[in-house]
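Report on the structure given below.
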Amino acid sequence: MKVDWIPFGEVMSLQRRVVTVQFDTTYREIGVRSFGKGLFLKEPAPGTALGDKRVFWVEQGDLVVSNVFAWEGAVGVAGGEHEGCIGSHRFMTWQGDPASVHVPYIASYLTSDKGVAALAAASPGSAGRNRTLSIRNLEGLRIPLLPVPDQCRVANHLDKVSHGR
């Protein structure tokens, strides 16, 4: 099986879907857990609670990376339950061309020991909120790409192993 090491930015594109917050609308924010534990939903909140916070729409299939905690594997894939939710400017949402990448495979790599080490190396700073991952650093990170059918097979296997299915 041939593995090509490709810069992340060649196969994934940043999607910033700006939300114009309406004070009379209720929004549901996502968060990203560290250590590859994926996304979680916050309690619904009115637009008034968001104030002037910059937020962006999340779509099903997005790879979501916390730029603050990428160094500890804060990465997840948005599922159907996250469609229509929002994320703060600290969460980068990425999409890949399905002809080139299977997003759960990319998430599996980024949350592996080697992937987390690569994210940590791309997150300069001393600790915590000072270890911010930049878009440029993430785009330059080299990821191992297999043919898409193999990516799907690997991601499905890893999902079964990690969830005991």
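Before moving on, here are some points about what is shown:
- Highlighted here are the helices (runs of 4 or more DSSP H) found entirely within the stretch 27-131 that include at least 2 residues which are more than 23 Å from Glu10 (Cα to Cα) and not basic (Lys, Arg): 47-50.
- Test for Ser123: is it at pLDDT 95 or above, polar (S, T, N, Q), open to solvent by less than 50 Å² (accessible area, probe 1.4 Å) and within 17 Å of the chain's Cα centre (by Cα): no
- Scanning the stretch 141-160 for residues that are part of a helix (DSSP H, G or I), open to solvent by 90 Å² or more (accessible area, probe 1.4 Å) and in contact with a strand residue (DSSP E or B) (Cβ under 9 Å, 6 or more places away or on another chain) returns no hits.
- Some residue of the stretch 63-71 being open to solvent by less than 20 Å² (accessible area, probe 1.4 Å), in contact with a Gly (Cβ under 8 Å, 6 or more places away or on another chain), under 28 Å from Val3 (Cβ atoms) and not aliphatic (A, V, I, L, M): no
- Residues in the stretch 1-34 that are aliphatic (A, V, I, L, M), farther than 15 Å from Val58 by Cα and at pLDDT 95 or above: Ile6, Val11, Met12.
- Which numbered condition Ser13 misses (of (1) part of a strand (DSSP E or B); (2) farther than 30 Å from Ser162 by Cα; (3) among the hydroxyl-bearing types (Ser, Thr, Tyr)): (2)
- Count of the stretch 79-105 residues which are touching a strand residue (DSSP E or B) at 6+ places or on another chain (Cβ under 6 Å), open to solvent by less than 40 Å² (accessible area, probe 1.4 Å) and under 15 Å from Ala155 (Cβ atoms): 2
- Scanning the stretch 36-62 for residues that are of a type in the set (A, V, I, L, M) and open to solvent by 70 Å² or more (accessible area, probe 1.4 Å) yields a single hit, Ala49.
- Flag for Leu133 being touching a Ser or Thr at 6+ places or on another chain (Cβ under 6 Å) and in contact (Cβ under 8 Å) with a residue 40 or more places away in the chain: yes
The values are calculated or read from the model by the stated rules, or taken from the named source; none is laboratory data. As the structure is a prediction and not an experimental result, all values here were calculated from the model. Because the Cβ atoms are built from the backbone with ideal geometry, glycine has one as well, and the counts that use them run over all protein chains shown. When the accessible area is computed, the model is the full protein with side chains, heavy atoms only, and any ligands, DNA or RNA have been set aside. Shrake-Rupley method; radii C 1.70, N 1.55, O 1.52, S 1.80 Å.
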